[in-house]
Amino acid sequence: MNTLVLIWSYFKARPLNTAINILLLALGIAVITVLLLFNNQLEQKISDNSRGIDLVIGAKGSPLQLILCNIFHVDFPTGNITLREADAIAKNRLINTAIPMALGDSYESYRIVGTNHRYTELYRATLSEGAWWKNNLEVTIGSNVAEFSKLKLGDTFASAHGLSQEGHLHNEQLYVVTGVMKKTNGVLDNLILTNVESVWQMHETSGDKETKAVTDASDLRSALIPTVPASDSGREITSLLIKYRSPLAAVQLPRLVNSQTRLQAASPAFETARLFSILGVGIDVLMGFAYVLVFTSALSIFIALYNSLKERRYDMAVMRSMGASRRKLFTSVLAEGVVLTALGSGAGMVMGHGLLIILSILLEQTQKAGITGFIFYREEWVILVGSLLLGVICALIPAWQAYRSDISRVLSTA
Amino acid sequence: MITVLGLSFRYTPSSLMSFPDFTVKRGQHFLLLGESGSGKTTLLHLIGGLLRDYSGSIRIKDVEIETLGEHAMDRFRGQNMGFIFQRNHLINSLTVEQNLMMPSWLSGMPLDNGRITETLESLSIADLRKRKVTQLSQGQAQRVAIGRAIITKPSVILADEPTSALDDKSCENVISLLAEAASLNQSTLLIATHDQRLKEKIPGKIEL
């Protein structure tokens with residue numbers, strides 16, 4: 001015999017009441033847990049994906065779109081910039097590295113990105129098989145692309161224009177898979193990487209295939225795409241990912257770029273903060289809803305304990321007659337509240353994690369985003385401890401009543 | 001075993017209840033007789049330490065119980081006394097066996113399985129051991145309540161109107177069970193009652 005056995009027997013004696021209390025609390029905690037997991041992972045992904053990129057330079061338009069498109073690959077390009085303009089910027093001494101990005105095509109809605117190997121170094125990507133792209137039309141694919149599109153080493157495919165699966169197919173030329181990257185849990189997992197030249201080649205009509213021969217003089221070559229001459233005014237790319245050389249660049253470079261009529265510079269840090277402040281409203285509303293649920297369940301637990309204590313005042317008095325001290329009754333009622341909230345919050349956390357796990361199994365989208373339920377944050381301890389405290393608070397008044405009940409009076413009014 | 005001397009008690013400052021002096025020796029069985037309102041339950045609760053702040057003297061096992069602090073009184077009660085009430089007041093959410101485990105758990109006394117079996121057998125309810133209390137008949141529940149009072153072999157068993165709600169046959173059953181169980185454990189038995197049927201069963205009488 002111990003307190004837990006007694007408490008458990010009381011729970012079992014009123015199964016519906018116990019179940020509804022646990023369920024109410026569990027729902028509240030589950031919503032909080034899901035939001036916590038989702039929010040934290042999203043923030044983590046966003047900061048991981050924009051790590052090492054200080055500035056994105058592209059065509060004028062929405063700066064948020066520029067960031068979403070070129071860093072997170074979830075929006076459409078704002079337009080193109082000429083290679084000549086890009087080269088001019090990239091040569092600036094305030095810039096450490098400038099990575100060219102050429103977007104536009106996709107395969108089964110996985111975006112094809114024309115870039116250089118610096119881009120993979122940015123995310124410290126490694127190969128799981130094959131090799132990095134080298135020649136035109138060779139691609140290295142992300143792990144999710146390999147998994148969901150079933151592309152294998154040596155496979156060839158035609159790209160589609162745009163991001164949708166129904167886009168115009170560039171049938172004339174086929175890409176060939178030369179490598180597959182290991183999972184990075186970042187944006188690379190969902191990309192097909194190739195060189196910029198390949199993207200250009202796809203979009204050249206058969207008429208203008210007169211790629212000018214590169215002269216020996218290196219100063220005439222494009223700094224970004226060394227295979228083409230700097231003077232090639234017809235070439236365009238989507239954007240440049242910039243890493244600053246010095247903090248001074250943060251002040252000067254955006255102003256410099258934005259002063260040019262066709263270009264704009266967007267800071268990932270600033271734009272994602274803006275994005276979060278927009279998303280934050282929705283998250284706050286959901287959180288508020290969760291707190292209402294938790295508060296309701298706390299009230300319900302309090303009422304349940306209060307009422308059941310009324311029914312059990314004889315139990316209490318008889319227990320006193322058998323030698324139980326006031327303190328023992330007090331702590332056993334407190335324990336009852338704590339066990340109830342522990343069960344509720346435990347169930348809620350299992351539900352929260354379970355929900356995300358199920359989502360990530362059922363929805364390809366969650367999987368691609370790299371959101372998982374198999375992750376635990378320190379904040380969850382706070383939730384757990386907080387709900388145990390809630391149990392103590394709910395049980396405090398009933399426990400106090402148990403503590404100061406007059407056994408003699410209870411027993412003589414039998 | 002129990003000595004009461006010059007005992008009086010006030011529920012309110014204006015109401016004084018006085019009790020006769022008496023001494024009950026170890027193993028003796030006594031009735032506390034009196035009409036409703038004569039203070040039988042009050043006396044029983046005073047002896048059991050459920051009511052405090054009396055004037056006069058109550059000594060149990062040579063301990064003046066007023067000198068015990070509240071916590072010490074709880075322990076003393078748990079280790080030396082067993083209570084039986086008019087209604088059984090078993091803990092309904094527990095089984096028969098768990099109800100019998102309660103006194104030793106709450107008073108911190110050791111209990112072995114053999115003692116549970118022994119107690120159940122002495123009351124011929126060994127087959128009810130795993131039964132939920134809510135599934136018991138009135139008579140069976142009464143036996144469990146007696147079992148709960150005697151399982152720790154208390155020196156004193158205090159019974160408050162154990163038979164007043166029972167018919168003649170059950171009354172006879174309960175009182176003989178109680179007397180037997182008390183004798184078996186050499187417990188002193190004190191029964192507060194106005195039930196005239198008990199007068200011929202129990203030799204010792206204290207009139208209030």
Excluding residues on the same chain fewer than 8 positions from residue A:12, give the aspartates and glutamates whose Cα lies under 20 Å from its Cα. A:311, A:315, A:336, B:97
Quick check on packing: order B:147-159, A:310-322, A:363-375, B:173-185 by the mean number of other C-beta atoms within 10 Å, highest mean leading. B:147-159, A:310-322, B:173-185, A:363-375
Out of segment A:237-288, which chymotrypsin sites (Phe, Trp or Tyr not before Pro) are coil in DSSP terms and have no more than 12 other C-beta atoms within 10 Å? none
Set A:45/A:152; A:91/A:152; A:310/B:205; A:310/B:199; A:91/A:368, cut-off 32 Å on Cα-Cα distance; pairs above it are A:91/A:152; A:310/B:205; A:310/B:199; A:91/A:368
Grab the alpha carbons of chain A, take their convex hull, and tell me the volume per residue in Å³. 172 Å³
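Interface B/A, total buried accessible area with a 1.4 Å probe, nearest 100 Å²?
For B against A, buried area totals roughly 2400 Å².
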Evaluate the distance, in nm, between pseudo-label points positioned 7 Å from the Cα of residue B:197 and of residue A:295 along their respective Cα→Cβ axes. 5.9 nm
Fully extended contour minus Cα-Cα distance, from residue A:361 to residue A:406, at 0.36 nm per residue: 10.4 nm
As a test, work out the antiparallel percent of DSSP beta bridges whose residues both lie in the protein assembly as shown, rounded to the nearest 5. 60 percent
May I ask you to evaluate 6.51 cos²θ - 1.76 cosθ + 1.60, the Karplus curve with θ = phi - 60°, for each residue of segment A:146-152 and list the ³J(HN,Hα) values in order in whole Hz, giving x for glycine and proline? 4, 5, 8, 8, 6, 6, 10
Please list the three semi-axes, largest first and in whole Å, of the ellipsoid equivalent to chain B, using sqrt of 5 times the eigenvalues of its alpha carbon gyration tensor. 28, 20, 15
When the helices in chain A are scored as -39500 (n - 2.57) per DSSP H run of 4 or longer and the sum is shared across all residues, what 222 nm value do you end up with, to the nearest 500 deg cm²/dmol? -17500 deg cm²/dmol
So which residues of segment A:284-329 lose at least 30 Å² of accessible area, probe 1.4 Å, when you go from the chain by itself to every protein chain present? A:314, A:315, A:318, A:319, A:320, A:321, A:322, A:323, A:325, A:326, A:328
Compute the acute angle (0 to 90°) between the alpha-carbon long axis of helix B:138-150 and the principal axis of greatest extent of the alpha-carbon atoms of chain B; round to the nearest 10°. 60 degrees
Sticking with the crude label model, points 7 Å out along Cα→Cβ, report the distance from residue A:96 to residue B:207 in nm, one decimal please. 10.6 nm
Leaving out ligands, DNA and RNA, what percent of the accessible area of segment A:55-266 is carbon and sulfur, probe 1.4 Å? 52 percent
In whole Å, what is the distance between the alpha-carbon centres of segment A:27-66 and segment B:74-112? 61 Å
Roughly what would the spin-label model give for residue B:180 and residue B:72, points 7 Å off Cα along C-beta, in nm? 3.9 nm
Could you tell me which residue out of A:94, A:176, A:83 lies farthest along the dipole of segment A:55-266 toward its positive end? Charges go on the beta carbon: Lys and Arg +1, Asp and Glu -1, centred on the Cα centre. A:94
Helix-only CD estimate at 222 nm, as mean residue ellipticity for chain B, using -39500 (n - 2.57) per DSSP H run (n ≥ 4): -10500 deg cm²/dmol
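The values are calculated or read from the model by the stated rules, or taken from the named source; none is laboratory data. What you are looking at is a predicted structure, and each value in this text was computed from that prediction instead of being measured. Quick reminder, even Gly has a Cβ in these numbers, built from the backbone with ideal geometry, and neighbours come from all protein chains shown. Surface accessibility is based on the protein's heavy atoms, side chains included, excluding ligands, DNA and RNA. Shrake-Rupley method; radii C 1.70, N 1.55, O 1.52, S 1.80 Å.
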